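Heads up, the thing below is written out as C-alpha cells.
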Amino acid sequence: MRYLRVSPQKARLVLELIKGKRVEEARNTLAFTKKGVAAHVGKLLQSALDNANFLSAEKNLDVEIDNLYVKSAIANDGPRMKRIRPAPQGRAYRYQRRIAHIELILAERGKPSEAVSASPSGSASTPAAARRRAPAAKTSGNKKALAK
C-alpha cells in the first residue's frame, strides 16, 4: 500500500501486533484494534490473501491458505507534504504531513522460500533475490599503512 496518509510511526504500532501471526489471528486482531490505520492494514492483508488464492487457483502453485502467516510487515516513509500554519504576530510555522508506504508479506509455514507479497517493491524483498546478489568485496582495514 503506497501513499497512505498516516505517519509511519503510527502504522508500525499496528503492524507490530500482527507480525508473525497466522492470517486468521491477524484479521481478528485488526478487527478489534481501535487505531484508525487498522482498517487500511486489514484491507492490505485481505489483498495479500486474495493474491495467495489467485496463485493457488489460477497459476497452479501449491499454496495452502490455512498455513499462511504474516512473515513481514513494514511501514516506510513516503514523501512529506510541507504545510504552513499561521502563527502569532504575522509569522508562519512550518510543519510536515507524513505519508507511509506499507509492505506486507505472507508466507506458508514449512516452506522456506515461497512468499506471497502485497508490497509496492515486488520481488526485491524475497529471500531468493537476496541470495542472488553477490557478496560485497572486502576492503583492507589498515588504511594508514596503505597511505604511507
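The values are calculated or read from the model by the stated rules, or taken from the named source; none is laboratory data. Owing to the predicted nature of the structure, the values given are computational and were not obtained by experimental measurement. Virtual Cβ from ideal backbone geometry, glycine too; neighbours counted across all protein chains shown.
Of the residues that make up segment 101-108, is at least one farther than 27 Å from S7 by Cβ and surrounded by 12 or more Cβ atoms within 10 Å (Cβ to Cβ)?
So far as segment 101-108 goes, yes, one or more of its residues are farther than 27 Å from S7 by Cβ and surrounded by 12 or more Cβ atoms within 10 Å (Cβ to Cβ).
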Inset, instruction - Would you check if P112 is at pLDDT 90 or above and either surrounded by 19 or more Cβ atoms within 10 Å (Cβ to Cβ) or in a loop (DSSP other than H, G, I, E, B) (or both)? - result: no
Legend entry - Of residues in segment 27-56 being hydrophobic (A, V, I, L, M, F, W, C) and under 19 Å from G110 (Cα atoms), the one surrounded by the most Cβ atoms within 10 Å (Cβ to Cβ): A52
Legend entry - Considering residues of segment 19-46 that are of a type in the set (A, V, I, L, M, F, W, C) and within 12 Å of the chain's Cα centre (by Cα) only, the residue farthest from N76 (Cα to Cα): L45
Legend entry - Unmet criterion (only one of (1) at pLDDT 95 or above; (2) aliphatic (A, V, I, L, M); (3) out of contact with any strand residue (DSSP E or B) (no Cβ under 8 Å at 6 or more places or on another chain)) for A57: (1)
Inset, instruction - Report, by residue number, each residue of segment 58-90 that is part of a loop (DSSP other than H, G, I, E, B) and either of a type in the set (S, T, N, Q) or within 29 Å of K10 (Cβ to Cβ) (or both). - result: N60, G78, P79, R80, A87
Legend entry - A75 surrounded by 15 or more Cβ atoms within 10 Å (Cβ to Cβ) and at pLDDT 95 or above: yes
